[in-house]
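**Student:** This is the structure I have questions about; it appears just below.
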Amino acid sequence: MSGFDVLTRGEVLDAALQARDYLVSCGVPGALAAKDPRLWGRRAVDHSRLGWLDLPVASRGLLNQIEPLVTEARYSGLDHVVLIGVGADALPAQAIVEAHSSAGRPLAPTGPSAAPDAAGRPEPPTGGLTVLDGGDTAALGYALDRLDRTLVVLASKPGVSIEGDAYRRIFMAAFREHGLSEREIASRFLVITDHGSPLHDFARQCGYRIGLTDPYLPGHYGALSAYGLVPALLAGADSYRVLDEAATVAASLGREEDNPGLLLGAILGGCAQRGVEGGPRDKVMLREPGGPTALSAWIAQLLAVGTGKRGRGLLAFDPSGGSGDWPDVHSIAINPRAEATSECDTSLWAPLGAQFLLWEYATAVAGWLMGVNPFEPGSLVVQEAEDDAATMLQAAGTGPLLTGEPAFVDGGIEVHTDVPSLGGSRLEGVLDALLAHIPMNGYVSVATYVSGEISGRYLAPALARRSGRPVLYGQGPAYPHATGPVHKDGPGGGAFLIVTGEPAPDDPLADHPVPGRPYGLAKLQLARALAEVRSLRQRGLPVVRLHLRDPVEGAARLIEAVRAAPGVRTGVRPTAFGRRGGPGGPVGRTGL
């Protein structure tokens, strides 16, 4: 796919056209293309915070600089990349590798027989990308089985997270056991971080390879920077092609007409201001032909971080989280296989590189319409939760974490909540009570901190049917890290289900010890969940934590309870959690 196109209709079209006309009348397209920071106030945005607009061209120099490492990895047989990162630090590279694989593009052989391509660039090594974000241990096991072929990329803007530190230590120890010298081990690590960050100094002291990025570039706007391009290139994907795709659409972003980024931003921002019957339409269902991919997850975190502030924000979810006819939801099909849009309000066709740039531009435009600055440093909600988890681990030492007494236990599932149960000591009753706290324009958020045994994907459809509201889900800590700002600083209206559990007895890595630390991965994962629960409760949000004493039997019991829980009528949230709640027709189109 080389072109790009945006098509919308009905009430979404009406809101988008009004918003687009207003944007043009205020000179937003030209000002944004010129990187004029005064769009958000005289001192609100530094000019350099808009440098992401230059990345389709500027990042070519970055890829040229990394080619010697690509060549070295190719000849050394290092065709497997482990990417340690969360959210914006990992999702772009994952999306690039997924797109490369789904397109069926041939990968080059490794070893001395491999030759440069027609442009003189080294062919990328075969292999793949494994992302470690603190979730499922299956990925860790896969990586540890391929140590002789593995290059570890540690990506983080400010500094290494506690999960990143844990995985780094685990791989350091594994490489030593594999017989590598300290110098050889250091050569197996590449750190991608901001120039002058604490991680930059740490990596230099360790002798790791270092790839530096612009410290002024917002983290959620780094898809076309080293964070997205370098790990993908090392893993065998064509990052040059991604830049070509982005450059194709870049020229249109300064225009007032036939500007797909402007229309997409007008759709997002216009709907967030005015939906059906005048209410905000601030939730977006993202539909991809083969189901949700890393691209959808990247879009969700971009919108959450870029717009989730000052009581406003856009939430994105996929069809597993419900497909009801909700007045505050509009749907966007990403690269649908047919032009018919009977199931979606809007369709967007573009190759991956163009998708990155279009969504970044659209988020900036939508933020301007919504009265929020998508580039200002957000609140510290994500860092606060991580710091809280680190404090818990330090206080616990070699002992257990202080988890508190459960309200009751049902079928081996501990129920921890201050939401009064509607059914005594029954799991169905507490789920009923949680769903009853969803306001008319609210949603359910499910975060699972259980390795491999259960996913929010299994719970989302039934919860959506029972609650009559959208369900967002993901695996912790990556999902709260990526979307936390919109949940905690956004429009409110969320009801939160956190699932934790004991390590599975047949999973030897579930509680893998962290070298040099008095805890293992299971304890670290539980601390992250407890910190997230505390962060949500401090903001007056309703939250239930379920702890599975037996991860297999508990998962089965939980799924049964979710499916059996009677539907509840959503309405105004009780004051105990006094947080604010937050087809057909003509067609509009722009594209090339």
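**Student:** For the ranges 196-204, 354-362, 148-156, what's the packing order if you count other beta-carbon atoms within 10 Å of each residue, average per peptide, and put the highest first?
**Tutor:** 354-362, 148-156, 196-204
**Student:** At what distance in angstrom do the alpha carbon centres of the range 126-149 and the range 399-441 lie from each other?
**Tutor:** Answer, in whole Å: 35.
**Student:** In nanometres, what is the gap between the two model label sites at L380 and E256, each 7 Å from Cα along Cα-to-Cβ?
**Tutor:** That separation, rounded to one decimal, is 4.5 nm.
**Student:** Find, among the GluC sites (Glu not before Pro) in the range 238-336, those assigned to loop by DSSP (not H, G, I, E, B) with at most 14 other beta-carbon atoms within 10 angstrom.
**Tutor:** Of the GluC sites (Glu not before Pro), the ones in loops of the range 238-336 whose Cβ has at most 14 other Cβ atoms within 10 Å are E257.
**Student:** Restricting to the chain, what percent of DSSP beta bridges are antiparallel, rounded to 5?
**Tutor:** 30
**Student:** Throw me the Rg/Rh for the chain, computed over C-alpha atoms with Kirkwood Rh, two decimals.
**Tutor:** 0.96
**Student:** Please turn the phi angles of the range 148-164 into ³J(HN,Hα) values with the Karplus equation 6.51 cos²θ - 1.76 cosθ + 1.60 (θ = phi - 60°), one per residue in order, whole Hz, x for glycine and proline.
**Tutor:** Coupling constants for the range 148-164: 5, 10, 9, 10, 9, 10, 9, 10, 6, 6, x, x, 6, 6, 5, 5, x Hz.
**Student:** Same structure, new question: Modelling each spin label as a point 7 Å along the Cα-to-Cβ direction, I'd like the Q18/D54 distance in nm, to one decimal.
**Tutor:** 3.9
**Student:** By DSSP, what percent of the beta bridges with both residues in the range 381-577 are antiparallel, rounded to the nearest 5? Numbers along the way, then the final one.
**Tutor:** On the way: 9 of 27 bridges.
Percentage antiparallel, nearest 5: 35.
**Student:** Report the convex hull volume per residue for the range 53-245, counting only C-alpha atoms, in Å³. The partial results should precede the final answer.
**Tutor:** Working: hull volume 22.0 nm³, N = 193.
Residue-normalised Cα hull volume stands at 114 Å³.
**Student:** Helix-only estimate, please: 222 nm mean residue ellipticity of the chain, summing -39500 (n - 2.57) across DSSP H runs of length 4 or more and dividing by its residues, to the nearest 500.
**Tutor:** It comes out at -13000 deg cm²/dmol, rounded to the nearest 500.
**Student:** Summarise the long-distance tail of P(r) for the range 381-577 by giving the % of C-alpha pairs beyond 25 Å.
**Tutor:** 31
**Student:** Which of rounded, prolate, oblate describes the range 353-482, given a ≥ b ≥ c as roots of the alpha-carbon gyration tensor eigenvalues and a/c under 1.5 marking rounded, otherwise prolate only if a/b is larger than b/c? Numbers along the way, then the final one.
**Tutor:** Values: a/c = 2.14, a/b = 1.37, b/c = 1.57.
Note, shape of the range 353-482 comes out oblate.
**Student:** Enter the Cα centre distance for the pair the range 311-353 and the range 18-42, rounded to the nearest angstrom.
**Tutor:** Result: 25 Å between the Cα centres.
**Student:** What is the distance in Å between the Cα centres of the range 503-561 and the range 46-84?
**Tutor:** Between the Cα centre of the range 503-561 and that of the range 46-84, the gap is 35 Å.
**Student:** In nanometres, what is the gap between the two model label sites at D506 and D201, each 7 Å from Cα along Cα-to-Cβ?
**Tutor:** Between D506 and D201, the simple spin-label model gives 4.8 nm.
**Student:** Oh, and also: From the C-alpha coordinates alone, can you work out the Kirkwood hydrodynamic radius of the range 299-433, in Å?
**Tutor:** The answer is 19.3 Å.
Taken together, the values in this text are just the output of simple stated rules run on the coordinates, not laboratory data. Please read these numbers as outputs of a predicted model, since none were measured by experiment. As a convention, Cβ positions derive from the backbone with ideal geometry for all residues, glycine included, and neighbour counts pool all protein chains shown.
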